Structures are given as structure tokens and as C-alpha cells.
Amino acid sequence: MEVVIVPDAEAGGELIAEAMAQLLGRRPDALLGVATGSTPLPVYQALAARVRSGAVDTSRARIAQLDEYVGLPAEHPESYRSVLRREVLEPLGVPMAAFMGPDGTAEDIPGACEAYDRALAEAGGVDLQLLGIGTDGHIGFNEPCSSLASRTRIKTLTEQTRIDNARFFDGDIDQVPQHVITQGIGTILEARHLVLLATGEGKAEAVAATVEGPIAAVCPASALQLHPHATVVVDEAAASELK
Ligand code: F6R
């Protein structure tokens, strides 16, 4: 595992956007796995700036979703499909036809989860998966004690994660769905390159457990230690608990 300490979130965004730009230069139809949340926004902004300046061609790029709420209609402004359309696809000029994600409104949710794992494999696998991390070490919505071998599946959100996400639902926890579909840790580990970005002091303990702790289900992100090509990009605040 490679750990890169950058001065701030903006520098982290630039670094990862450059890695994505170089990947797209080598492989124009690369499948980029993207996360939602606040942390990756500087990456998407830095990559969009490269698209606008003509430095990156995204005309053949493909985008894959990491997780999705169960039961929110796709057109709901807070479904992750909508969020990614606004924050990633539109700024990068990638059409929805090049986007893949699990169907959180399917009647058969387990079937939709299996179908998504199959679709990712049939698409050739994710080339670069961008991850954020929860303060409890979660990646995607694999909360602590998720199996490190898990596949895409339905999960119940913890109370804490629903409280954290209420900010996107007018501060009302009752509007936050109870369930999500998330790529499993085993699914995430199949991406060819994992890039985890963590910024801010609130992530420092989780980063230390990820990088220096044992590989353990209590810290799902510690599974990155098993991956042959994992890069952890942290700002100085998020690095503050590293030895
Ligand atoms: C969401 C996701 C989550 C977030 C994590 C951190 O798609 O994958 O694991 O990355 O909850 O969220 P932020 O970046 O908002 O602190």
C-alpha cells in the first residue's frame, strides 16, 4: 500500500485527477469507479477542469457506481445516481449511457445486487476505484464487521451513518433511507487500482487503523492492505494519527 500525504484536500484532488487523466490517456474507455460524499468533490472538480481545457478526453470513459440507496426513485435528487449525474457525469461530459449502477428500486434486490456484480465483470472490471472513508473505517457502505470477502448486497445503515447523511435530506433523519446496496469489500478489491482519499482531522483515526492497524473487519478499509495496487491519499490533518 502506498500512502501519499498532501498539504490539503485540493492538492489531493489534483493528484488523483491527474492519475485518472493519465489512465484515460492510456485507456480512453477506462471504467472509473466513483464514490459519493464530500471528500471526492475536489477530484471531480480537478478532472472536470482538465476536460474543459481539452487536456483529457472523456468521450469513451465509463463510470461505475459504488453504492445506492434502496427505495429512492432514480430521479430523486439524493439518489446516488442523481448525485453522480450532477457531480461527475455532467461536469465530465460523460453520457448516462456510459454509466452503470445497481438498481435500488428493483423488486428483487438480491437479484439486482448479483446482476450488478455480473455487469461489472462483463464490463471488464473497474480500472480505478475512488473511495472515501467513514469515520468508523467504512468503505462504500460496508460498515464495521462487514465480511472482507463480501459481494454487492443490501445493507442496513447504522444510526450514525443516517445521522451523518441527514444533511442531504433537509436535516431530517426520517427521510434517510434505512437500506442501501453497496459493492462488497470483495467486489471493491477486484478493481485494478484502489485510490482512497481522506481529508480532515475527523478521518485521522480511521486512516491510522486502515494503514497501520491489523487487517480486520472492524475497520473495513483495512482490506486495502490485501490489494496489490492501493494508494491512500491523505491531507496532513487526516495523516495526523499515523506513526
Ligand atoms: C459513499 C461512500 C462512503 C463515503 C464515506 C465518507 O459513496 O462510499 O463510504 O465515502 O461515508 O463520506 P464523506 O466523504 O462525505 O466524508
A correct Karplus calculation of ³J(HN,Hα) over the range 163-176, with 6.51 cos²θ - 1.76 cosθ + 1.60, θ = phi - 60°, whole Hz and x for Gly and Pro, returns 5, 4, 8, 4, 4, 8, 10, 6, x, 9, 4, 5, 7, 7
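What does the C-alpha gyration tensor say about the overall shape of the chain? Classify as rounded when a/c is under 1.5, otherwise prolate if a/b is larger than b/c, or oblate. All intermediate terms of the calculation are to be shown ahead of the outcome.
On the way: a/c = 1.30, a/b = 1.02, b/c = 1.28.
Cα axes put the chain in the rounded bin.
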With the dipole of the range 2-235 defined by +1 on each Lys or Arg Cβ and -1 on each Asp or Glu Cβ, the option from Leu15, Ser222, Ile5 whose Cα lies farthest towards the positive pole is Leu15
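Would you please give the FRET efficiency between Gln160 and Met96, computed as 1/(1 + (r/R0)^6) with r the Cβ-Cβ distance and R0 = 30 Å, to the nearest 0.05? Before the final figure, lay out each step's value.
Working: r = 32 Å, r/R0 = 1.08.
The pair Gln160/Met96 has a calculated efficiency of 0.40.
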Residue ranges of DSSP H helices in the chain that stretch 15 Å or more (Cα, own long axis) and have mean Kyte-Doolittle hydropathy of at least -0.5 are 9-26, 41-52, 109-122
Descending packing, highest mean Cβ count within 10 Å first, for 77-84, 197-204, 142-149 is 197-204, 77-84, 142-149
Zone reached by a paramagnetic label modelled 7 Å from Asp57 Cα along Cα→Cβ, restricted to the range 16-49 with backbone N below 19 Å, covers 18-32, 47-49
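Quick one: putting +1 on the C-beta of Lys and Arg, -1 on the C-beta of Asp and Glu, what dipole do you get for the chain around its Cα centre, in Debye to the nearest 20?
720
Could you work out the helix-only [θ] at 222 nm for the chain, with each DSSP H run of four or more residues adding -39,500 (n - 2.57) and the total divided by the number of residues, to the nearest 500 deg cm²/dmol? Don't jump to the answer; show the numbers that get you there.
Values: 7 runs with 69 residues, N = 243.
That calculation yields -8500 deg cm²/dmol at 222 nm.
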Amide H contacts under 5 Å for Gly33, restricted to residues at least 5 apart in sequence or on another chain and with H modeled in the peptide plane, are Ala64, Asp127, Leu128, Gln129, Leu130
Residue by residue through the range 73-81, the couplings from Karplus 6.51 cos²θ - 1.76 cosθ + 1.60 with θ = phi - 60°, in Hz, x for Gly and Pro, are x, 3, 7, 4, x, 9, 4, 5, 4
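Listed highest first by mean packing, meaning other Cβ atoms within 10 Å per residue, what order do 14-27, 38-51, 107-120 come in?
Values: 14-27: 17.7, 38-51: 19.8, 107-120: 15.6.
Final packing ranking: 38-51, 14-27, 107-120.
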Simple spin-label estimate for Val4/Ser240, 7 Å along Cα→Cβ, in nm, reads 2.3
Within the range 145-175, the residues whose backbone N lies under 16 Å from a label point placed 7 Å from the Cα of Glu212 along the Cα-to-Cβ direction are none
Along the range 227-243, Karplus-curve 3J(HN,Hα) (6.51, -1.76, 1.60; θ = phi - 60°) to the nearest Hz, with x for Gly and Pro, reads 8, x, 9, 10, 10, 10, 9, 10, 7, 4, 5, 6, 8, 5, 9, 6, 6
Within the chain, the percent of DSSP beta bridges that are antiparallel, given to the nearest 5, stands at 25
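Every number in this text was worked out from the coordinates using simple rules, so none of it is lab data. Keep in mind the model is a prediction, meaning the values are calculated, not measured. As a convention, Cβ positions derive from the backbone with ideal geometry for all residues, glycine included, and neighbour counts pool all protein chains shown.
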